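Taken together, the values in this text are just the output of simple stated rules run on the coordinates, not laboratory data. Computed from a predicted model, the values in this text were never measured in an experiment. Using ideal geometry, Cβ is built from the backbone for each residue, glycine included, and neighbour counts are taken over all protein chains shown.
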Amino acid sequence: MKILKWLNYVLAAAVLLTAAVFLFRPKIGLESDITIRINHAEAELNGKPIFQSGRIYVPMFSLGHYLSFFTWMDSSNDSFRVLVPGQEVIMKVGESQVKSFGKTIQLEGAPIIHNNALYVPLQLFSSVLQVPMSWESRTGTVDITYNTPYIFAKEKGAAFWFRKSIGDLYMSTGNKPFLLKNINLETSDTSILTASQISNDSYMLQIEDDSTRRYVIYKAIIHHHEVATSSIVGYERNGTNLKSIEKAGDLWIMIDNSTLKLADTDGTIKTSYSAQEIFGENDTFTVEEAFDDYLLVRPSTQKIQYLFNRRTKESIALYKHLLTGEEKASIDSALTNGLNKQGDSLYFESIKGDMLYFTRRIAGATPSSYTYQLKQ
């Protein structure tokens, strides 16, 4: 009797256990409510994680981008490469074996295509690419704690990495990442690397380090897989706009400390001007507008707009031609005594024909409008 009672308990427990497994097991091949967090922030992926064969699968391209991995498709053999300086993984859809620098590694599941996107087992990141992570079953959360050593950007089949600690700049177009240049540039957690293709075989790279005290911009034109030209400038925070326009006509604007360089798409410097030529001082500056042969330039210390004629190299301080005698005297006095924190407060609005339109905006005062006619 006791044995029969004991058997009933065992059968009841087995039924309950089976029900629990059925209720809580992952649904195969379906999108899940799993959350991917990277350094405590939820990752916004181009596709939800899914369960496939009882395992978590994630979109390779978007999660890889978060973690500075470049995923490239080799159409010659239908393989995918996952790249970062010092690492390379080659895989194919439907095959659970992947290769890393010639070594074969067995995954618990094969890469798949889901909703026209490449999905890989999460194990690829944790075991092969060595990305630290943990699983919280109670909340269905994958926590990734990964401080990538790189700032990363990709653009139309090319990828770029900047190693923050030592300043190495790398590039890949689907091959093993190679070193472009070592840059003497300090960066922070808020630094950003952007890349844009400016011709069939040229890219413009920009690294911005935007701290509370300094704003540093590094630019480089990459032509035929080499750094053709580069520039770097650092600004002290002063409450004004510290970003320049990108181009003057067909030429790219590159500010190298106190020198303005104008380059074409292959990195050839077509012309350059020193700050001394433009506004009479050795200082950093921004280029706010460009039209025809003219540039609007604002020095970092003076904070006043200069109209610079690139052809004649003539330069004028616009406030001297636009403001009243009293307003000019006030700015002159402030410049002389180093108290010109607000600059001339002149802002370019538009150009119509040969007429330039400006607005002067001062806190607590009604904006004033001005015009200036360019010389023919």
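The figures follow:
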quantity	calculated
Sorted largest first, extent of segment 276-324 alpha carbons per principal axis (Å)	28, 25, 17
Folded to 0 to 90 degrees: helix 2-24 orientation relative to the chain principal axis, Cα	30
Cα Rg over Rh - segment 138-214, Kirkwood	1.06
Radius of gyration and Dmax over the Cα atoms of segment 178-258, both given in Å	13.2, 39
Hypothetical label at Thr371: residues of segment 321-356 whose amide nitrogen lies under 16 Å (7 Å Cα-Cβ projection)	322-323, 349-356
Links that overshoot a 26 Å alpha carbon limit, given the list Lys270/Lys320; Lys99/Lys164; Lys303/Lys375	Lys270/Lys320; Lys99/Lys164
Intensity falloff of segment 80-192 expressed as log10 I(q)/I(0), Debye formula with alpha-carbon point scatterers, at q = 0.09, 0.15, 0.16, 0.23 Å⁻¹	-0.30, -0.82, -0.91, -1.33
The chain - share of DSSP beta bridges that are antiparallel (%, nearest 5)	95
Most mobile listed residue (Val128, Val58, Val84) in the chain, GNM with C-alpha springs under 10 Å	Val128
Convex hull per residue volume in Å³, alpha carbons only, for segment 31-79	93
Equivalent ellipsoid semi-axes - Cα gyration tensor, segment 213-270, angstrom	23, 13, 8
Nearest 10 degrees, 0 to 90: helix 325-336 Cα axis against the chain principal axis	60
Value of D in µm² per second that Stokes-Einstein yields for the chain, Kirkwood Rh from Cα pairs, at 25 °C (0.890 mPa s)	98
The chain - charge dipole about Cα centre, Lys and Arg +1 at Cβ, Asp and Glu -1, debye rounded to 20	1240
Extension gain from Ser196 to Ser127, taking 0.36 nm per residue of separation minus the Cα-Cα distance	21.5 nm
Among Leu260, Gln276, Val58 the positive-end extreme of the charge dipole of the chain (Cβ point charges)	Val58
Per-pair calculated FRET efficiency, R0 = 51 Å: Asp283 and Arg55 via Cβ, rounded to 0.05	0.30
Potential extension, Asn257-Glu186 segment - 0.36 nm per residue separation minus Cα distance	24.0 nm
Using θ = phi - 60° and Karplus 6.51 cos²θ - 1.76 cosθ + 1.60, couplings along segment 243-258 (whole Hz; Gly, Pro as x)	9, 9, 5, 7, 9, 10, x, 8, 9, 8, 8, 10, 9, 10, 6, 10
Three-way shape label, segment 67-136, alpha-carbon gyration tensor, a/c 1.5	rounded
For segment 206-329, Kirkwood radius (reciprocal of mean inverse C-alpha pair distance, Å)	15.2
Nonlocal amide H pairs with Glu289, under 5 Å, H built at 1.01 Å	Leu296
Length-normalised contact order of the chain in % [C-alpha pairs under 8 Å, at least 6 apart]	7
